[in-house]
Amino acid sequence: MHNFSRTTIARYLDDLASREPVPGGGSAAALSAALGAALISMVARYSIGRKGNTRILDRQMTKVLAQSEALRRRFLVLASEDSRAYLAVVAARAGSAKAKQHAALKAGAVPKEVRRLCYKAIRLTPFLTAKGNPYLLSDVEVAVELLMAGLNAASAIAGADA
């Protein structure tokens, strides 16, 4: 099983496009969210220490950066966890009803967490829009779009598993 946080983008996309069960849509949802969180981090980094910033503003921006970095790392872990959880669902198909139910519950937890964390990341963006580097507003917009894509894709997966 690949650890997608240690895989190149090219390799991940090759794996995603292959005729293999993983990675799949849930993993792609988490990766989309990771991209959005990474953009939030970039904007925060470019906003810290700007001329005219107060120490309070820089501290607030540093907190946004810490939160977005934690989210980015977690989304990458979830990309791998989704694949492991799906493979457990596939393996459980030959087992008992209880084993199938247990695997499905574990697999369903991953997209639910992706959704919750996407929402948390999106809530960081109004501050960046208001107080961040004004030259990077389009990057904040792209971050929101990627996070919304991750949220909507995770919702589709969670709905399919319900």
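Table for the structure above
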item	result
Subset of region 129-162 [over 23 Å from Leu78 (Cβ atoms) and in a helix (DSSP H, G or I)]	Thr129, Ala130, Lys131, Pro134, Tyr135, Leu136, Leu137, Ser138, Glu141
Cβ pairs under 8 Å, 6+ apart, first in region 65-76 and in contact (Cβ under 8 Å) with a residue 24 or more places away in the chain, second surrounded by fewer than 21 Cβ atoms within 10 Å (Cβ to Cβ) and of a type in the set (Lys, Arg)	Leu65/Arg45; Gln67/Lys120; Leu71/Lys120
Single match in Leu124, Leu87, Leu147 (criterion: within 18 Å of Ala30 (Cα to Cα) and modelled with pLDDT under 95)	Leu87
Some residue of region 64-84 being out of contact with any Phe, Trp or Tyr (no Cβ under 9 Å at 6 or more places or on another chain), over 18 Å from Ala34 (Cβ atoms) and part of a helix (DSSP H, G or I)	no
Extreme residue, surrounded by the fewest Cβ atoms within 10 Å (Cβ to Cβ), among residues of region 51-101 that are under 21 Å from Pro21 (Cβ atoms) and of a type in the set (D, E, K, R)	Arg93
Every residue from region 7-29 that is over 15 Å from the mean Cα position of the chain (by Cα) and either among the basic types (Lys, Arg) or part of a loop (DSSP other than H, G, I, E, B) (or both)	Thr7, Thr8, Arg11, Ser18, Arg19, Glu20, Pro21, Val22
Residue among Ala94, Ala121, Ala99 that alone is part of a helix (DSSP H, G or I) and without any contact (Cβ under 8 Å) to a residue 60 or more places away in the chain	Ala99
Residue count for region 41-71, restricted to those that are within 16 Å of Arg116 (Cβ to Cβ) and in contact with a Ser or Thr (Cβ under 6 Å, 6 or more places away or on another chain)	1
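The values are calculated or read from the model by the stated rules, or taken from the named source; none is laboratory data. It should be emphasised that the depicted structure is a prediction, and the values quoted were computed from it without experimental measurement. All Cβ positions, even for glycine, are placed from backbone atoms using ideal geometry, and neighbour counts span all protein chains on display.
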